[in-house]
Amino acid sequence: MLRLTRSLLEILVLALGYETESLTALTTDPVMNLKLLHYPPHTSTDERQFGAGAHTDFGVMTILLQQPDKQGLQVFHAANDEWLSVPAVEDVFVVNMGDLIQKWTDGRYSSTVHRVINIAGGDRYSVPCFYQGNMGATNPFKPDEVGEETVEMHLRRKFDASYGLNGK
């Protein structure tokens, strides 16, 4: 999974006009978290009830393997103000850009707003791999910028804001 992520990042970097060497600090000793997610059958008629509410992923990139034919993942299409279902296809990965990519590219790549509503008619499973990169890395496109937030600082700030982990 690390090799796949590195390859995808290289493609993104080249598309932005940078050399792949700009990724060295980010991709040396990276952190990647794998989760095994279970969504029980969705039986509620309450429109506010979700398996996972609308959110973006904090890190660099997420690669997701979905259980085939078990629909539930939706992405928000802002231009049309609507949620679009992402097909759960066998042997196909879904790739979501994270908040760090959006920040580092000044919005040229957007962090994907998504949610999960298990409409599969039974249990649903998925396996996301969250690529964070090297915790000490900073923006690979502005390596000389003084005081730039590290990956670790960014993740701590996002977790604190979302989950109140700062002790307040």
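The values are calculated or read from the model by the stated rules, or taken from the named source; none is laboratory data. Computed from a predicted model, the values in this text were never measured in an experiment. Glycine also receives a Cβ, built like all others from the backbone with ideal geometry; neighbour counts cover every protein chain displayed.
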Legend entry - Checking K158 against (1) out of contact with any helix residue (DSSP H, G or I) (no Cβ under 6 Å at 6 or more places or on another chain); (2) without any contact (Cβ under 8 Å) to a residue 60 or more places away in the chain; (3) of a type outside the set (F, W, Y), the condition it does not meet: (2)
Legend entry - Tabulated pairs, region 109-120, first under 12 Å from M61 (Cβ atoms), second aromatic (F, W, Y), C-beta under 9 angstrom, 6+ apart or interchain: S111/F58; T112/F76
Inset, instruction - Provide a single number: the residues in region 91-120 that are more than 22 Å from P40 (Cβ to Cβ), part of a loop (DSSP other than H, G, I, E, B) and not aliphatic (A, V, I, L, M). - result: 10
Inset, instruction - Kindly list, by first and then second residue, each pair from a residue in region 84-105 that is within 12 Å of Q71 (Cβ to Cβ) to a residue that is of a type in the set (D, E, K, R) and surrounded by fewer than 19 Cβ atoms within 10 Å (Cβ to Cβ), limited to pairs with Cβ atoms under 9 Å and residues at least 6 apart or on different chains. - result: P87/D69; A88/D69; A88/K70; V89/D69
Legend entry - Within region 88-124, tally of residues that are of a type in the set (S, T, Y) and either touching an Asp or Glu at 6+ places or on another chain (Cβ under 8 Å) or farther than 21 Å from V31 by Cβ (or both): 3
Legend entry - Filter pass, V13 being modelled with pLDDT of 95 or more and assigned to a strand (DSSP E or B): no
